[in-house]
Amino acid sequence: MRILVAEDDPALAGFVKKGLEAEHYAVDLSGDGEQARAMADERDYDLVVLDLNLPRVDGVAILRQVRAHKPSMAILVLTGRNRVEDRVECLDLGADDYLAKPFSFSELSARIRALLRRSHLPAESVLAVEDLKLDRVERRVERGGRRIELTSKEFALLEYLMRNAGRRITRAMIIEHVWNLSFDTCTNVVDVYVNFSTSQVDHRRVGKLAMAIQVAFQELGVFPTSSTQIPVDTKDPMPFNTVQSVENAERTAAMGRIAPSPKGVLSGSSEDGNLIALRKELEQALAPEISRREVDVRSEADGVVISLREVGFFDSGSAEIRAGSRQALDRIAHLLAKRPYGIRIEGHTDNVPIHNSQFASNWELSTTRATELIRLLIGRYNFTPEKLSAAGYAEYHPVASNDSEEGRAQNRRLDVVILTKQTEAAQNVDSASLRVANAR
């Protein structure tokens, strides 16, 4: 659900926004009365948290106008004015609730939940598509009676798709509604989240609902068109390998890693809940680099992957990590150093051949970049060597097409793979088998 917080105190507005986003609400901020009035009038918010002391246009005028144009929109007045006369005036003008400052966030949150329960009809507060149910107020998703844990962005995406079931929607509409960004054709964030969210809905096999979503997005051009004919009226869920758009490509590398982003998913164990939480922390810590497209964070079958793109971390044809990227590495190391997970560093390149005084091919470049980061993790950040491994894949495991400069830029990367216990155990078995074979 989307909430507008109209508050002219930046620190307080940020505090409220952070708290509400932690409860999986999508939050917009406005510190200006005229802007807040326009946003409330033009956009479909589920609730408005309204301060009365706003510059240019005060909260009472906003309340009067919004209530006239949108009588069903829930409005909670949050203000330092605590006189009885102020409360009476606002409630008479149509405010649904009134909370005076200073306030407890837990009380504000409870009042918001109560307003949302009252302001939505049951059919609106609980969305259902076959056996998939999404409770917009309680922030709960279930399929076939089984609870599904989603991050706030995954929840928002699924909610938007279910609210618009049967309608033609575009990638731009999703990015604007779920991410609050203007549309940019270069981003693959929708692709990543649709694949991951539909797989979370049914992580063992993609059912009819997930297939319908995938087909719809293929038709809209979000995914490359598939020649596979998908029988969407089938009674039984379909396995992954019947659908090209979500098919996992097997890796032939010795480590046995499965498929590139965004097609792999975590397996659904309790450990994966911790990895999902870690992914969210990484996304927050690396937000500046993600916005500049220097870093990408995603979930795959082997665990959480942090892609460090060449543009932010290396000079072309060099394996030396740029000094300017150390702050980002500091944040990554801070979050990973004390975690119990094994870490695999993978070097990747595009398909443009390299031959300079340092490297004879992309194999050497990708491998050297991986080991350079290993050296830094051990020497600078005191990582335990036993939890680290490195590999170079050259150009043979791309995440995008090498036919364009944009795709090649995405493929020139260093992947930091935070391994699930299952993947780490399988990797250790492979290593042990290799040592035994060499001993023979």
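The values are calculated or read from the model by the stated rules, or taken from the named source; none is laboratory data. Here the structure is a predicted model, which is why all the values come from computation and not from measurement. Ideal geometry is used to build each Cβ from the backbone, glycine not excepted, and the neighbour counts take in all protein chains shown. We work out accessible area using only protein heavy atoms, side chains counted, and drop any ligands, DNA or RNA first. Shrake-Rupley method; radii C 1.70, N 1.55, O 1.52, S 1.80 Å.
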Practice task
Let me know the volume per residue of the alpha-carbon convex hull for segment 87-160, in Å³.
Solution key: 116
Practice task
Calculate the spin-label point distance for residue 327 paired with residue 104, positioning each point 7 Å from the Cα along the beta-carbon direction, and give it in nanometres.
Solution key: 3.9
Handout entry: Distance (nanometres) between label positions extended 7 Å along Cα→Cβ at residue 147 and residue 117
Key = 1.8
Handout entry: Karplus-derived 3J(HN,Hα), 6.51/-1.76/1.60, for each residue of segment 386-399, Hz, glycine and proline x
Key = 5, 8, 10, 8, 9, 7, x, 10, 6, 9, 8, 9, x, 9
Handout entry: Residue-normalised accessible area of segment 43-149, given per residue in Å² at a 1.4 Å probe
Key = 50
Handout entry: Long pairs among 17/338; 133/153; 18/280; 101/153, criterion Cα-Cα beyond 20 Å
Key = 17/338; 101/153
